[in-house]
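First the structure, in the form of structure tokens, and then the observations on it.
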Amino acid sequence: QNNISLFHTKTDAKCFPRGSDLLVFFYELSLRLMNKKGINTFITENSWLSTDYGKAFQAYLLNNVYVQGIIDSDFKYFESADINTVITFFRNKETQEEVNFYHCFGDLSKINCKTTGKPNQEKDIQKTVFFCNDKMLKQYKWSFLFSSDKRLINLLEKMLKKEDIKTRAKISVGQGLNVKKDSIRYNEKNAVPFFTSESGSILRWRNSNIFVEKEVVLKTRKIPFLILPRGLGSHFCCYNEIEGFSSSFVEVYEEQKLTDSEKLNIWLFCNSSLLWALREFTGRCNLGGGMLKAEATDLKSLPLCFDFDKSKEIEELFADSDNQKFTSQIERVIDSDFHKKIDKIVFDFFELDSNANFVTELLISRYNWRNKKSKTR
């Protein structure tokens, strides 16, 4: 009736992609209805901070509103719903140099969190600030930026500069097959190897007891050379030596021919504590039950290709990996001699030296935190 267009520009329309949760449309409507001095305050699920549609919506917010504050909390406020909530404070666009995020380690009804005026004095409030012109704020999901240790963000920026761009152009990342149970076989007749959760957290896939019907696998379907978990019980990256397919796992493909050395460099990095830590922080951990969902889209955003110049050492580790199987006991895995050798190659490459401990400490604390979070009420 007021001839108000749903979006300000065509660019804004792209910020609300197909499949977006309805809550982002309620946000958009409320922001249009808000007067010049108004403040929009919503309590919603925090899923939009860590999803692909949420990343697009975040671009809309940067273009159109002043993000006064976003408050996240470990505490579960709703007895009848197993969800994690976030409180947002948005105002009409004005000069804005920064986006403020507050993490509350407890119940907000007992902790005073301020988004204006004097800074918070509460020890249970952690404030993270990103400047609006920071490329990372537009490149990554806000849940990752706001929840990550600043040292990890700084290291990621260094990694992006050191990535082997030529090798990266030769690979792509996607997701495995989503098939019905009646297409799965336990013999090879008219079937191909199929990697499932029953295959275990292995580092080399050399034989299989599980198969999927050949006709289910499209002729144009790419065969992955690396397979990583999507719903994480344990971290691992498996080298696909039998040219099989996976059941909805995250997969890495060759778009152009890779050398054995290039493949093993990627395999090594994907089995390092550094990549594991990045997957912990970029994945979705607001699903309940302590589960982490690290999607293919999350892996696409991370640098994966580095020339470690340690071919002989990596080949020896690859040969030894046939006897390795990672478990969900992450401290035990990280402390193993095998994993320490992987981490040493990666940490030395990024010149972490004595500072490398912060990566494994972050990984362990994040892993334990998300498992504990699902039980916090």
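The values are calculated or read from the model by the stated rules, or taken from the named source; none is laboratory data. Because the structure is predicted, anything quoted here is derived from the model rather than measured. We place every Cβ from the backbone using ideal geometry, glycine too, and count neighbours over all the protein chains shown. Ligands, DNA and RNA are excluded from the accessible area calculation, which covers all protein heavy atoms including side chains. Shrake-Rupley method; radii C 1.70, N 1.55, O 1.52, S 1.80 Å.
Please identify the pairs in which a residue from the range 41-56 that is among the basic types (Lys, Arg) has its Cβ atom under 7 Å from the Cβ atom of a residue that is open to solvent by 10 Å² or more (accessible area, probe 1.4 Å), counting only partners at least 6 apart or on another chain.
From residues that are among the basic types (Lys, Arg), the pairs are Lys55/Lys141.
Please enumerate the residues belonging to the range 165-187 that are part of a loop (DSSP other than H, G, I, E, B) and either open to solvent by less than 50 Å² (accessible area, probe 1.4 Å) or β-branched (Val, Ile, Thr) (or both). Let's see the steps before the verdict.
Pass one, the range 165-187, residues part of a loop (DSSP other than H, G, I, E, B): 169-170, 176, 178-180, 186-187.
If the condition is that a residue be part of a loop (DSSP other than H, G, I, E, B) and either open to solvent by less than 50 Å² (accessible area, probe 1.4 Å) or β-branched (Val, Ile, Thr) (or both), then Lys170, Gly176, Val179 are the ones that fit.
If Arg279 passes every condition in (1) buried (at least 19 other Cβ atoms within 10 Å of the Cβ); (2) touching a residue at least 60 places away in the same chain (Cβ under 8 Å); (3) of a type in the set (D, E, K, R) but one, which one does it miss?
All conditions pass for Arg279, except number (2).
Read through the list (1) touching a Lys or Arg at 6+ places or on another chain (Cβ under 8 Å); (2) open to solvent by 30 Å² or more (accessible area, probe 1.4 Å); (3) not small (Gly, Ala, Ser), then give the number of the only condition that Gln58 fails.
It fails just one condition, (2).
Enumerate the pairs (first residue in the range 90-110 and assigned to a loop (DSSP other than H, G, I, E, B) and modelled with pLDDT under 85; second residue anywhere and among the hydroxyl-bearing types (Ser, Thr, Tyr) and surrounded by 14 or more Cβ atoms within 10 Å (Cβ to Cβ)) with beta-carbon separation below 7 Å, excluding pairs fewer than 6 apart on the same chain, so at least 6 apart or on different chains.
Close Cβ pairs satisfying both conditions: Lys93/Tyr66; Glu94/Tyr66; Gln96/Tyr66; Leu108/Ser73.
Please enumerate the residues belonging to the range 143-159 that are open to solvent by 50 Å² or more (accessible area, probe 1.4 Å) and among the aliphatic types (A, V, I, L, M).
Looking only at the range 143-159, we keep the residues that are open to solvent by 50 Å² or more (accessible area, probe 1.4 Å), and these are 150-151, 154, 157-158.
Across the range 143-159, there are no qualifying residues.
Filter the range 10-39 down to the residues that are over 29 Å from Lys293 (Cβ atoms) and not in a helix (DSSP H, G or I) and list them by number.
Correct list: Met34, Asn35, Lys36, Lys37, Gly38, Ile39.
Which ones in the range 311-324 are modelled with pLDDT of 90 or more, polar (S, T, N, Q) and open to solvent by 50 Å² or more (accessible area, probe 1.4 Å)? Break it down into steps so the answer makes sense when it comes.
Filtering the range 311-324 for residues modelled with pLDDT of 90 or more gives 311-321.
This time we only want the ones that are polar (S, T, N, Q), so: 311, 321.
Residue satisfying the conditions is Ser311 alone.
Of all residues in the range 193-217, which are open to solvent by 20 Å² or more (accessible area, probe 1.4 Å) and either basic (Lys, Arg) or at positive phi (or both)?
Arg204, Arg206, Lys214 - these are the residues of the range 193-217 that are open to solvent by 20 Å² or more (accessible area, probe 1.4 Å) and either basic (Lys, Arg) or at positive phi (or both).
Taking the range 221-267 as the search range and keeping residues that are at pLDDT 95 or above and among the acidic types (Asp, Glu), which one is nearest to Lys300 (Cα to Cα)?
Looking at the filtered set, the residue picked out is Glu251.
If you check Asn190 against the conditions, is it open to solvent by 70 Å² or more (accessible area, probe 1.4 Å) and touching a Lys or Arg at 6+ places or on another chain (Cβ under 6 Å)? Before the answer, list the steps.
Details: open to solvent by 70 Å² or more (accessible area, probe 1.4 Å): yes; touching a Lys or Arg at 6+ places or on another chain (Cβ under 6 Å): yes.
Spelling it out, Asn190 is indeed open to solvent by 70 Å² or more (accessible area, probe 1.4 Å) and touching a Lys or Arg at 6+ places or on another chain (Cβ under 6 Å).
For the condition acidic (Asp, Glu) and modelled with pLDDT of 90 or more, what is the one hit in Glu188, Glu157? First the steps, then the outcome.
Working: Glu188 fails: modelled with pLDDT of 90 or more.
Among Glu188, Glu157, only Glu157 is acidic (Asp, Glu) and modelled with pLDDT of 90 or more.
Out of all the residues in the range 352-369, which are in contact with a helix residue (DSSP H, G or I) (Cβ under 9 Å, 6 or more places away or on another chain) and modelled with pLDDT of 90 or more?
Leu352, Phe358, Val359, Thr360, Leu362, Leu363, Ile364
Please find, within the range 325-351, the residue that is nearest to Lys158 (Cα to Cα) out of those that are touching a helix residue (DSSP H, G or I) at 6+ places or on another chain (Cβ under 7 Å) and open to solvent by 30 Å² or more (accessible area, probe 1.4 Å). Explain how you work it out, then say what you get.
Applying the first criterion (touching a helix residue (DSSP H, G or I) at 6+ places or on another chain (Cβ under 7 Å)) to the range 325-351 yields 326-327, 330-331, 333-334, 338-339, 341-343, 345-347, 350.
Then keep just the ones that are open to solvent by 30 Å² or more (accessible area, probe 1.4 Å); that gives 327, 331, 341.
On the way: Thr327: 30, Glu331: 26, Lys341: 22 Å.
Here the residue is Lys341.
For Thr297, are the conditions met, namely being within 23 Å of the chain's Cα centre (by Cα) and either of a type in the set (Val, Ile, Thr) or surrounded by fewer than 19 Cβ atoms within 10 Å (Cβ to Cβ) (or both)?
On the way: within 23 Å of the chain's Cα centre (by Cα): yes; either of a type in the set (Val, Ile, Thr) or surrounded by fewer than 19 Cβ atoms within 10 Å (Cβ to Cβ) (or both): yes.
The answer is yes for Thr297.
In the range 182-216, how many residues are within 28 Å of the chain's Cα centre (by Cα) and more than 20 Å from Ile266 (Cα to Cα)?
Going through the range 182-216 one residue at a time, the tally reaches 7.
Checking Thr327 against (1) modelled with pLDDT of 85 or more; (2) among the hydroxyl-bearing types (Ser, Thr, Tyr); (3) not in a helix (DSSP H, G or I): exactly one of these is not met. Which one?
Among (1) modelled with pLDDT of 85 or more; (2) among the hydroxyl-bearing types (Ser, Thr, Tyr); (3) not in a helix (DSSP H, G or I), Thr327 violates only (1).
For residues that are in contact with a strand residue (DSSP E or B) (Cβ under 9 Å, 6 or more places away or on another chain) and small (Gly, Ala, Ser), scanning just the range 67-80, find the one that is modelled with the highest pLDDT. Write out each step before concluding.
If we filter the range 67-80 for residues that are in contact with a strand residue (DSSP E or B) (Cβ under 9 Å, 6 or more places away or on another chain), which is where we start, we get 67-78.
When the remaining residues are screened for being small (Gly, Ala, Ser), the result is 69, 73.
Details: Gly69: 90, Ser73: 82.
My answer is Gly69.
Just checking, does the range 314-323 include any residue being closer than 18 Å to Gly176 by Cβ, touching a strand residue (DSSP E or B) at 6+ places or on another chain (Cβ under 6 Å) and not hydroxyl-bearing (Ser, Thr, Tyr)?
No, every residue in the range 314-323 fails to be closer than 18 Å to Gly176 by Cβ, touching a strand residue (DSSP E or B) at 6+ places or on another chain (Cβ under 6 Å) and not hydroxyl-bearing (Ser, Thr, Tyr).
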